[in-house]
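One structure below.
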Amino acid sequence: MLVRRNDKEHGVFDNRPARTPGHRSPRDEPSGRRRAWRSLLALGLPAFAAALGGTALTAQAAIAGQDAPEVTCRVIVPADPLSAKGLATPYRLEAPCHEADAGSAAFVQATIVDPATGAVSVYDPLVVDDGTRAAVAPTVPELPAGGVVGLWFGFNGDNLRLAGDGGSLADGHCVNGAQQSIFGQFAYCNAPAVFAAADAAIAAGRLTVPALDTAADGRPCPTTRDFGLVDMDQSDNVTTTYLVLADGRTAQNTAANRAALAGRQARIEVNGSDNGLLDAHVFPALGCTPFRAPDLADAGAPATALALNELQAAAHQQAPVALVPTSDPMTKVGDRPSVAKTNLYRAGVGQPPIDQAAETPAAYCASLLRVGADRIQLDRSLTVRAASPDPQAANSLFTFLAQRFSGAYDALGCPALLRIGNPVKVTTDANGVVTGARFAAPPTSSPSAGGRPPASASPSVTRSASASPSVTRSASASPAGSASSKSPAVAQPVRTTTQPPRPVNTTTQPPRPVNTTTQPPQPVRATTQPARPVNTTTQSSHPLQTGYAAPPMQPSGPAAAAGAAGVSPPSAADLRGLAVDAMRLKAPTAPGSPGGRSLTTTMGAVLLGGGGVGTVVAIVRAARRNRWRYAPEI
């Protein structure tokens, strides 16, 4: 019989049967038992080791699969932020963030409207690390008398919180979000008043917003409210750039500062921005010119700004107009849509309150699918030759826009809302860089052979009341101001280039379904794709499946000015995340990517399961061979 005895000497429980006459001792057990235990050792232990290895791999995958912690920091808004003195006082970025760190840098941009003359100007206040001083003292701007000043913030991390210096947040009418739910990378101060002043100047004929050029694809140039450009969080961040020294100190990116710091290893730091993507990358590729105004920090040199982009979009973007939706992650409270927070965000970029009946997340997705995918494909021959805004994400402007669209389509929940799968398939290299993209449906048209159509065939576009929704603001939002004795230069005049009318897509038009069975994408010719060269800011655009080697891109904008002055342009590290806006959602199957983690986790699970099965089999075999030991005594 089975006896459970307590071996006090060894302190263990022994389940072996008690010795009785006629039974052999354990030393006399037949060789079959020894073979059984050898089977257990031969099968069970390696299997158990494999199980442990699988567990270790699974744990390793779990560690690798953890999301990186969010970067949340505070920036201190100086006293009297809307005054000339306040604009010239550096903003202080608190630790653990550092302005020299491309992944945690903050940016500030101001736009000024003179109500008396309608003149518009810009100014980029400086941000420094808290406890440090600027490399060069910021220029004190000369503001017009009665000028209306607004501020916009951008952030290369995840969440930027505004902190006040005394009552600076209240004095600046600053908005960081709704109650305890901040927007994230975006914030503003006194922005609605600036848009109200601009609207009043436009209505009075004192401010003329430049018309959109005709792009090289024959269509009007895009705006920040064009579904061909937007992503999951449109109209965010700014076009501000700073000079950064090797010791981490910063300075305004002006011609004078570039010359003064040329021998001190200064580099240019940029803000990952929808506005920067449009002005510095998409516009040059399509042959368009951004709306600029005099920079009060840079001796009146023309400069771009978030507010200028939104003014031009409000004046000239034809339907369908992309306005910030309630599905935008920056407008949600937690994981839930918020109309109130969406309207606060819209007020900061000059957009009207949401029409909940017509402006639904599904309607936004439908226009994104119909217009966005079509425009990206249409411009492929133009954007494939342009350098990527982020060489670590994609190897050309085309692949960058394609992967950005793909991530936005999923992040906004469009597959579920439209019951249409993601129309983009991207291919990547061994480093996870997107090198090709295919769409499920071809574009509706293609660029003309000569680029731009003849001017005579393109009637000029005039702004109608229905082309852009009106912005309704309270009367108190429009400040009164007297004429300035010295007004800055008027914003860029209206261009006379004519352009063809753009077909209007009404909101009642159903989304065009993507037929993936009758219109299969063209296969990717991997044999013609060259190896990805080293990521540098001077690299030429990369050929994509076509065998066409594009000529090197000529530097323009801040990079060109920096090169001429001996200042280093943005490096690959500085460009990391440029215009991505947390769009690394369609990560490729590569080491450290979700796909790679999934593969590692699967291998671990297989080994763990196999080890367990092997252990059970070995134990059963040993038990059967030694069942005499466990039989009840007769």
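The values are calculated or read from the model by the stated rules, or taken from the named source; none is laboratory data. Bear in mind that the values here come from a model prediction, so they are computed numbers and not experimental data. Note that each Cβ is placed from the backbone with ideal geometry, even for glycine, and that neighbours are counted across all protein chains shown. Remember, those area values only see protein heavy atoms, side chains included, never the ligands or the DNA or RNA. Shrake-Rupley method; radii C 1.70, N 1.55, O 1.52, S 1.80 Å.
The 3J(HN,Hα) values that the Karplus relation (6.51, -1.76, 1.60; θ = phi - 60°) gives for the stretch 202-210 are, in residue order, 5, 4, 7, x, 8, 10, 10, 7, x Hz. Gly and Pro appear as x.
Tell me, what is the per residue accessible area of the stretch 69-193 in Å², probe radius 1.4 Å?
Values: 4230 Å² over 125 residues.
So the stretch 69-193 comes to 34 Å² accessible per residue, rounded to a whole number.
The stretch 262-282 and the stretch 376-406 have their alpha-carbon centroids 18 Å apart.
Estimated translational diffusion coefficient (Stokes-Einstein, Kirkwood radius over Cα pairs, 37 °C, 0.692 mPa s) of the stretch 176-244: 212 µm² per second.
Counting 0.36 nm for each residue step from Thr289 to Ala357 and taking away their Cα separation leaves a gain of 20.9 nm. Dimensions of the stretch 78-120 based on its C-alpha atoms, expressed as ranges along the principal axes with the largest first, amount to 44, 21, 9 Å.
Of the residues Arg370, Arg419, the one with the largest accessible area comes first in the ranking Arg419, Arg370, computed with a 1.4 Å probe on protein heavy atoms.
Starting from the residue with the highest accessible area, list Thr250, Thr241 in decreasing order, probe 1.4 Å. Could you put the intermediate results ahead of the total?
Values: Thr250 0, Thr241 25 Å².
Solvent-accessible surface, decreasing: Thr241, Thr250.
Counting only protein heavy atoms and a probe of 1.4 Å, the accessible surface of the stretch 143-224 is 45% carbon and sulfur.
What shape does the stretch 291-415 take by its C-alpha gyration tensor, where a ≥ b ≥ c are the square roots of the eigenvalues and a/c under 1.5 counts as rounded, a/b above b/c as prolate, and the rest as oblate? Judged from the Cα gyration tensor, the stretch 291-415 comes out oblate (a/c at least 1.5, b/c at or above a/b). Between Ala259 and Asp335, what FRET efficiency comes out of the Förster formula 1/(1 + (r/R0)^6) with R0 = 51 Å and r the beta carbon distance, rounded to 0.05? After rounding to 0.05, the efficiency reads 0.55. Between amide H atoms placed 1.01 Å from N, distances below 5 Å from Arg292 occur with Gln492, all of them 5 or more places distant or on a separate chain. Over the stretch 225-376, the pair-distance histogram of Cα-Cα distances with 10 Å bins from zero comes to 10, 34, 30, 18, 8, 1 percent, rounded to whole numbers. Relative contact order, whole percent, for the stretch 178-283 stands at 23, derived from Cα pairs under 8 Å and 6 or more residues apart. Residues whose amide H falls under 5 Å from that of Asn159, counting only those 5 or more places apart or on a different chain, are Val71, Thr72, Cys73, with hydrogens built in the peptide plane. 3J(HN,Hα) couplings calculated from phi for the stretch 125-135 with the Karplus curve 6.51 cos²θ - 1.76 cosθ + 1.60 (θ = phi - 60°) are, in sequence order, x, 8, 10, 10, 5, 4, x, 10, 10, 5, 5 Hz; Gly and Pro show x. Ligands, DNA and RNA left out, the accessible area of the stretch 303-373 computed with a 1.4 Å probe is 59% carbon and sulfur.
Under 5 Å between amide hydrogens, built in the peptide plane, is the criterion, and for Ala394 it picks out Val434 among residues at least 5 positions away or on other chains. Each residue of the stretch 252-269 was assigned a 3J(HN,Hα) from its phi angle through the Karplus expression (A = 6.51, B = -1.76, C = 1.60, θ = phi - 60°), giving 5, 7, 10, 4, 5, 6, 4, 5, 5, 9, 4, x, 10, 6, 6, 10, 9, 10 Hz with x at Gly and Pro.
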